[in-house]
Amino acid sequence: MPERPSSKPILPTPLRLGADDRFRGRGVTIAFLDSGFYAHPDLVEPRNRVLRYVDVTDPRAAYPRILRPDESSWHGMMTSVVACGNGTLSGGLYRGLASEANVVLVKVGTARRITHENIRRGLEWVVRNRERYGIRICNVSCGGDYEASYLFDGLSQAAEKATRAGILVVAAAGNLGLSAGHPVLPPASAPSVLTVGGLDDKNRLHRAGHDIYHGSYGPTIDGLQKPEVIAPAIWLAAPILPGTPTETEARLYTYLATASDDELDVILEAHAGVDAALDAARHLAPPLVRQLVEAKIRDNNVISGAYKHVDGTSFAAPIVSSLAAQMLEANPALRPHEVKSILVATAQRLPHVPVDRQGWGVVEPAAAVEEALARSGDGPAA
């Protein structure tokens with residue numbers, strides 16, 4: 001990953017996108033399909049907003065399973081919190097646009113493997129249970145095994161069926177933009193799916209210098225241009241999985257970074273065994289210890305003991321899903337194709353980036369919500 005292009009802290013998503021703070025996804029449920037999940041405090045405190053957890057590969061799985069972190073928990077935990085976290089562990093700073101939306105968590109694989117077939121099964125479960133949990137949006141931050149025509153592919157057909165059932169399917173474009181062929185895989189390649197590519201906004205508000213992230217793009221095997229829109233895909237705050245060595249290390253780095261010179265050696269002694277390089281740094285001069293700690297924070301993308309910054313279109317897609325939840329709170333009558341058309345119509349293109357890389361451009365949350373309100377009759381005409 002490139003070095004952070006700014007000495008400033010990682011900016012929260014609502015601020016960097018200029019989101020309308022009146023809407024936070026209230027009354028809307030987003031389903032997430034991913035490799036695994038964890039009941040992170042940003043989702044379950046002070047109110048548990050996880051309506052259901054299901055594992056399509058294990059019918060015996062139940063909610064208590066996501067109270068215990070494992071190697072497959074981290075990706076889905078991050079995608080769901082990027083969209084719907086309320087920032088409990090950051091004093092409300094690092095929250096998603098849909099910080100009051102409900103979530104349904106659908107495990108479709110593991111950290112090692114997610115299959116084409118299991119993503120299809122996950123989408124079909126969401127369609128069957130949409131009314132029970134009020135699911136209006138389904139976020140898919142994973143992709144199938146191969147390119148396929150939506151006319152014959154079961155996963156793509158499941159996505160089309162979900163759209164017809166009233167669910168907006170939002171999928172990550174993928175991160176293969178630097179490779180030959182840059183394929184967009186199902187379900188992101190299906191016509192009705194809102195496919196999201198990546199923006200690199202350099203962790204700053206001023207738009208000068210904003211650039212494309214190396215996401216996958218079309219045309220698809222059916223000749224469809226994807227993605228439709230792009231959203232921030234790098235320098236994004238996401239939670240660290242609690243109870244892991246990564247969390248222990250991040251907390252130590254943060255502790256050392258804020259300690260006085262006199263405290264450094266005492267802290268290193270008390271935390272011996274957490275990091276071998278820091279163990280070896282004991283009794284060094286404070287400037288040398290601080291230099292090492294700064295390198296650890298930078299190299300491990302640490303924001304605090306509870307958050308790190310991440311990248312990938314896997315995280316751009318949840319941002320757009322959370323924006324869609326804001327729009328549906330503003331106007332619950334919107335249908336999937338209307339949400340998609342508003343997002344496309346209000347997006348702003350990067351002037352120096354080819355259209356095939358960015359579709360209609362960067363999502364504009366405030367403008368999209370304003371248009372959603374206008375179509376409900378509760379806001380000004382667009």
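Could you go through the stretch 89-98 and let me know if any residue there is among the small types (Gly, Ala, Ser) and more than 19 Å from the chain's Cα centre (by Cα). So far as the stretch 89-98 goes, yes, one or more of its residues are among the small types (Gly, Ala, Ser) and more than 19 Å from the chain's Cα centre (by Cα). Has the stretch 135-149 got at least one residue that is open to solvent by less than 10 Å² (accessible area, probe 1.4 Å), among the hydrophobic types (A, V, I, L, M, F, W, C), within 22 Å of Thr244 (Cβ to Cβ) and modelled with pLDDT of 95 or more? Among the residues of the stretch 135-149, not one is open to solvent by less than 10 Å² (accessible area, probe 1.4 Å), among the hydrophobic types (A, V, I, L, M, F, W, C), within 22 Å of Thr244 (Cβ to Cβ) and modelled with pLDDT of 95 or more, which makes the answer no. Where strands (runs of 3 or more DSSP E) fall wholly inside the stretch 102-207, the ranges with 1 or more residues that are closer than 30 Å to Leu15 by Cβ and without any contact (Cβ under 8 Å) to a residue 60 or more places away in the chain are 194-200. Cβ-Cβ distances below 6 Å connect the following pairs, each with a first residue in the stretch 342-361 that is at positive phi and in contact (Cβ under 8 Å) with a residue 12 or more places away in the chain, a second residue that is open to solvent by 20 Å² or more (accessible area, probe 1.4 Å) and not polar (S, T, N, Q), and a separation of six or more residues or different chains: Gly361/Arg349. For the stretch 155-177, the count of residues that are among the hydroxyl-bearing types (Ser, Thr, Tyr) and open to solvent by less than 10 Å² (accessible area, probe 1.4 Å) is at least one.
For (1) open to solvent by 20 Å² or more (accessible area, probe 1.4 Å); (2) touching a helix residue (DSSP H, G or I) at 6+ places or on another chain (Cβ under 7 Å); (3) not in a helix (DSSP H, G or I), each residue gets a yes or a no:
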{"site": "Glu247", "(1), (2), (3)": "yes, no, no"}
{"site": "Ala257", "(1), (2), (3)": "yes, yes, no"}
{"site": "Ile267", "(1), (2), (3)": "no, yes, no"}
{"site": "Leu278", "(1), (2), (3)": "no, yes, no"}
{"site": "Arg282", "(1), (2), (3)": "yes, yes, yes"}
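Of all the listed residues (Val369, Val310, Val320), the sole one being farther than 20 Å from Val28 by Cα and of a type in the set (A, V, I, L, M) is Val310.
Let's see how each residue does on (1) over 24 Å from Glu100 (Cα atoms); (2) at pLDDT 95 or above; (3) not aromatic (Phe, Trp, Tyr):
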{"residue": "Leu292", "(1), (2), (3)": "yes, yes, yes"}
{"residue": "Ser314", "(1), (2), (3)": "no, yes, yes"}
{"residue": "Ile319", "(1), (2), (3)": "no, yes, yes"}
{"residue": "Ala325", "(1), (2), (3)": "no, yes, yes"}
{"residue": "Ile342", "(1), (2), (3)": "no, yes, yes"}
{"residue": "Pro351", "(1), (2), (3)": "yes, no, yes"}
{"residue": "Gln358", "(1), (2), (3)": "yes, yes, yes"}
{"residue": "Leu373", "(1), (2), (3)": "no, yes, yes"}
{"residue": "Ala381", "(1), (2), (3)": "yes, no, yes"}
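I'm trying to understand the selection: among the residues of the stretch 303-340, which are open to solvent by less than 50 Å² (accessible area, probe 1.4 Å) and over 17 Å from the mean Cα position of the chain (by Cα)? Walk me through it before giving the result.
Going residue by residue through the stretch 303-340, those that are open to solvent by less than 50 Å² (accessible area, probe 1.4 Å) are 303-307, 309-310, 312-331, 334, 336, 338-340.
The answer is Ser304, Gly305, Met327, Leu328, Glu329, Ala330, Asn331, Leu334, Pro336, Glu338, Val339, Lys340.
Residues of the stretch 208-241 that are among the small types (Gly, Ala, Ser), assigned to a strand (DSSP E or B) and open to solvent by less than 10 Å² (accessible area, probe 1.4 Å): Ala231, Ala238. Does Ala111 satisfy the criteria of being of a type in the set (Gly, Ala, Ser) and open to solvent by less than 40 Å² (accessible area, probe 1.4 Å)? Against the criterion (of a type in the set (Gly, Ala, Ser) and open to solvent by less than 40 Å² (accessible area, probe 1.4 Å)), Ala111 does not qualify.
The values are calculated or read from the model by the stated rules, or taken from the named source; none is laboratory data. Predicted model, so just to flag it, every value in this text is computed and none were measured. Neighbour counts run over all protein chains shown; Cβ positions are idealised from the backbone, glycine included. With ligands, DNA and RNA removed, areas are computed over all heavy atoms of the protein, side chains included. Shrake-Rupley method; radii C 1.70, N 1.55, O 1.52, S 1.80 Å.
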